[in-house]
Amino acid sequence: MNFQQPHTLLMIRPKSFGFNQQTESSNAFQQQGNADLDCVKKEFSTMVDLLLAHEVPVVVFDDTPNPTKPDAIFPNNWISFHEDGKVILYPMFAENRRHERRLDIVDQLKQNFQVREILDFSDRERGGGFLEGTGSIVFDHLDHIAYACRSPRTTENVLMAVCKQLKYRSIVFDAVDESGRPVYHTNVMMNIGEKFAVVCIDSITKDADQEIVIGSLAESGRKLVAISFAQMRAFAGNMLEVKTRTGENVVLMSDTALNSLLPGQINAISQFSEVLPISIPTIERVGGGGVRCMVAGIHLPPRK
């Protein structure tokens, strides 16, 4: 049985964190500035504690100290875990982010989850092909669709290769911010839950693309919650719906995202899922990624 939500989350406790100059050119959400590592670790630990208190299963691994990895706290970009037992490793745009891929983590996860096949697309980096996991792709696992907006970090032919392996079809479109700059990751402008979808429709520049995305989501029967450019910049698109141990639906988002939403939007989401806001202001500001970026969802079958 397919589930849209992961049953467990993977998180990486950082050994380092900072403004990544190698990703600055494509990530308009990053803001120059220093990040106190103790503050970042506190935000991380508070998030883990909050998830566990709400019965959301979390597996935490420590980052390795060398080499220094400023974005190791965002594992969703280098790996994804699927219900058929597939694990996918992705090609990364920034050279200093390629060190985040760790097979030792996959090996340890094999103790509790069934890993039937590892698909490694990292060699596409040599030819300038990139696809940054569930940052680049927003999966509709119920209808087997991969949504992706084109950007320097999302190469269409790599997406097609991944979709072929997963037997998903792709919906690819252009999306920009209010300045006309390509949105660097699909998961900052779009989120798909079991019964709702949050999308910055205004960021999809072509009418034909808008019609395809809206039509596909309508066909899936999901409630569409449209957000503005300003809400997208506040990480309101960067949500993730998860399952608790007791089978309840919880949607994770940051305080920043929640505070940007209107009451009607919150009510629309709350019909289907409990809203769990998490405070990560330093991570968002300096790293340019939100709550959804901090977790890699595990859909692998558990070992019995």
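The values are calculated or read from the model by the stated rules, or taken from the named source; none is laboratory data. The model shown is predicted, which means the values in this text are computed figures rather than measured ones. Please note: Cβ atoms are built from the backbone with ideal geometry, for glycine as well, and neighbour counts cover all protein chains shown. Side chains are part of the model used for accessible areas, which takes the heavy atoms of the whole protein and leaves out ligands, DNA and RNA. Shrake-Rupley method; radii C 1.70, N 1.55, O 1.52, S 1.80 Å.
A Förster radius of 22 Å, combined with the Cβ-Cβ distance separating residue 60 from residue 115, puts the computed FRET efficiency at roughly 0.70. Summarising the amide proton neighbourhood of residue 253: residues at separation of 5 or more, or on other chains, whose placed amide H is nearer than 5 Å comprise 276, 278. Among the listed pairs 195/243; 86/223; 86/164; 167/223; 41/69, those with a Cα-Cα distance over 20 Å are 86/223; 167/223.
For the pair the range 99-161 / the range 62-80, the C-alpha centres are spaced 15 Å from each other.
Accessible surface for residue 246 stands near 100 Å², nearest 10, in the context of the full protein assembly shown (1.4 Å probe). When each pair of different Cα atoms in the chain is counted once in the 1/r mean, what is the Kirkwood radius in angstroms, to one decimal? Taking the inverse mean of 1/r over all distinct Cα pairs, the chain comes out at 19.0 Å. Residue 168 contributes about 30 Å² of solvent-accessible surface, heavy atoms of the protein only, 1.4 Å probe.
Find the all-direction average of the projected area of the Cα convex hull for the range 146-185, expressing the result in square nanometres with one decimal place.
Working: hull surface 10.5 nm².
Mean projected area for the range 146-185: 2.6 nm², to one decimal.
Simple spin-label estimate for residue 68 and residue 15 gives 1.3 nm between the two label positions (7 Å along the Cα-to-Cβ direction from each Cα).
In order along the range 195-202, the phi-based Karplus estimate (6.51 cos²θ - 1.76 cosθ + 1.60, θ = phi - 60°) of 3J(HN,Hα) comes to 10, 9, 9, 10, 9, 8, 4, 4 Hz; Gly and Pro are listed as x. Each residue of the range 167-184 was assigned a 3J(HN,Hα) from its phi angle through the Karplus curve 6.51 cos²θ - 1.76 cosθ + 1.60 (θ = phi - 60°); the sequence is 6, 10, 9, 10, 10, 10, 8, 8, 9, 10, 8, 5, 8, x, 8, x, 5, 6 Hz, with glycine and proline shown as x. Accessible surface of the chain, 1.4 Å probe: 48 percent of it comes from carbon and sulfur atoms.
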